[in-house]
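Read-outs throughout are calculated quantities, based only on the coordinates presented, and are distinct from any laboratory measurement. Bear in mind that the values here come from a model prediction, so they are computed numbers and not experimental data. As a convention, Cβ positions derive from the backbone with ideal geometry for all residues, glycine included, and neighbour counts pool all protein chains shown.
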Amino acid sequence: MHELAVCQALMEQVESIAIEERAQQVVSIHLGIGPLSGVEPRLLEQAFYVARAGTVAEQAELVIESMAVQVSCKQCGQLTEALPNRLLCGNCGDWHTSLVSGDELQLQHLELIRQTQEETAEPASHQQFN
Amino acid sequence: MCDTCGCNVTHGNAHLLKPGGRLSKTASGHEAVSVLHGLLDANDHTAAHNRQHFEQHGVLAGNLMSSPGAGKTRLLEASIDALRDKYSLAVIEGDLETENDANRIREHGATAIQITTGSACHLDAHMVHDALHQLDLRELDIVFIENVGNLVCPASFDLGQHRNITLLSVPEGDDKPAKYPVMFRTADLVLLSKSDLLPVLDDFKPENARRHLQALASSAPVFELSAKTAAGMDDWLNWLHAEMAALQQRTETLAAEPA
């Protein structure tokens, strides 16, 4: 049940972003979790309902997007879906594949309400993607 | 993963960042803040710090993982005895309770730091960092981290090790890699331990374990060994020698590079 430890790490991140963004309330927390991350979404949800109490995310909804397991074949170059314990190429069946998606354990975005409407001068994203 | 070079943008989430993607605005009128941080970034940061510590001192760090009772401590005892004249070893022991394993290691003449995790089912990078403060890395060549016996939780936490060594003992059954893919995918080396029991437990087929590992796209070497009879120990020790040599080469290359 390491999901509790993962959830505590999540809450620390959420609280620090909420302070940075001057949020009075976090409305929702959106995660992307792949089955090969080793984290069970249902257990993480249970931990979340305990961990959110008394925080800025007390009323927040946890939205977990389950990421598909996809592999790229080193032999035929195809990108195919796979099962967590069968990461073979769906096209040619070769086992020389690399995982493209499915091990994510990621905080994707937050929805929040800022303290005052006037304080929204900062860009919504604190990251730049070119 | 980091949040500076864009390597956190994966095939699975790239669509969110395109114009008109879900992150640009929300239907409910709330502010959306894109983050794209790994949930374990704080752990991974400390793990990178630990790894740097090891490398500065030319110390090889191996993370031993397995289910409880697969023979991690027994393997370490045999390895300490076999490597005594060549390397200086220390062990960081992770258990929920007791100093039993650390005491076993100490009886073989190696330094052991016991971490008792209480109810925690895994070690994390912070616990290992604290333990490192009790070790003098200048005097060591290899540090083994014996993780909590558990085939689930330890797989998710980078500790700062160079290599993951996963034990699968013969009594457990040869299909463990198919049942615990997250753990076995992380393995850089798989040791089929207690191989002296193969003649008795003949439903364990090493080739089945290898086949299940291959289905995880794993190219990790697989050795059969028994720390009890010493059969197969040479493969493991040679692997360690090769890893030590590779680490030395890496650290020398790093040292030679202009700052």
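What are the semi-axes of the equivalent ellipsoid for the protein assembly as shown, taken as the square roots of 5 times the Cα gyration tensor eigenvalues, largest first, in whole Å? Each step should come with its number before you reach the end.
Numbers: eigenvalues 312, 121, 82 Å².
That gives 39, 25, 20 Å for the three semi-axes.
Compute the distance from the alpha-carbon center of the stretch A:55-83 to that of the stretch B:27-81, in whole Å. Computed from Cα coordinates, the inter-centre distance equals 21 Å.
Sorting B:224-236, A:2-14 by their mean Cβ neighbour count within 10 Å, with the most densely packed peptide first, gives A:2-14, B:224-236. Applying 1/(1 + (r/R0)^6) with R0 = 22 Å to the Cβ-Cβ distance of A:T116 and A:E15 gives a FRET efficiency near 0.65. For chain B, the Stokes-Einstein estimate of translational diffusion at 4 °C and a viscosity of 1.567 mPa s comes to 65 µm²/s, using the Kirkwood hydrodynamic radius over alpha-carbon pairs.
Amide H contacts of A:E61 (H built 1.01 Å from N, in plane; Pro and chain starts excluded): A:S28, A:I29 sit under 5 Å, all sequence-distant by 5 or more or on other chains. Between B:N50, B:N164, B:N238, the GNM of chain B built on Cα springs shorter than 10 angstrom shows B:N238 fluctuating the most.
The GNM of chain B, with springs linking C-alpha atoms under 10 angstrom apart, assigns the highest mean-square fluctuation among B:A120, B:A187, B:A102 to B:A120. Comparing A:Q108, A:S28, A:L88 along the charge dipole axis of chain A, the residue lying farthest to the positive side is A:L88, per the Cβ-charge model. Taking chain B as a Gaussian network, Cα atoms linked when under 10 Å apart, which of B:S34, B:S195, B:S67 shows the biggest mean-square fluctuation? Between B:S34, B:S195, B:S67, it is B:S34 that shows the largest mean-square fluctuation. Selection among B:P221, B:T253, B:V200 by position relative to the dipole of the stretch B:200-259 gives B:V200 as farthest towards the positive end (Cβ unit charges, Cα centre).
The C-alpha atoms of chain B define a longest principal axis, and helix B:41-56 lies at about 50 degrees to it. Shown for the protein assembly as shown: lysine pairs separated by 8 or more places, or found on different chains, whose C-alpha atoms are under 24 Å apart, numbering 15. Applying 0.36 nm per residue to the separation of B:Q134 and B:D235 and subtracting their alpha-carbon distance, the gain on full extension is 33.2 nm. Phi angles across the stretch B:153-161 convert, under the Karplus curve 6.51 cos²θ - 1.76 cosθ + 1.60 with θ = phi - 60°, into 3J(HN,Hα) values of 5, x, 5, 8, 10, 6, 9, x, 6 Hz, Gly and Pro given as x. Modelled spin labels at A:H96 and B:T253, positioned 7 Å past Cα toward Cβ, are 2.2 nm from each other. Per-residue shielding of B:154-161, expressed as the average number of other chain Cβ atoms within 10 Å of the residue Cβ, stands at 2.
Under a point-charge model restricted to the Cβ atoms of Lys and Arg (+1) and Asp and Glu (-1), what is the dipole moment magnitude of chain B relative to its Cα centre, in debye to the nearest 20? The partial results should precede the final answer.
Values: 21 positive and 35 negative charges, 172 e Å.
Charge dipole, chain B, about its Cα centre: 820 debye, nearest 20.
Among B:135-144, B:71-80, sorting by the average number of other beta carbon atoms lying within 10 angstrom of each residue, highest first, gives B:71-80, B:135-144.
Please average, across the residues of A:35-41, the number of beta carbons from any other chain that are within 10 Å of each residue's own beta carbon, and give a whole number. Present the calculation step by step, with values, prior to reporting the outcome.
Details: counts 2, 6, 6, 13, 5, 1, 0.
Mean partner-chain Cβ count within 10 Å for A:35-41: 5.
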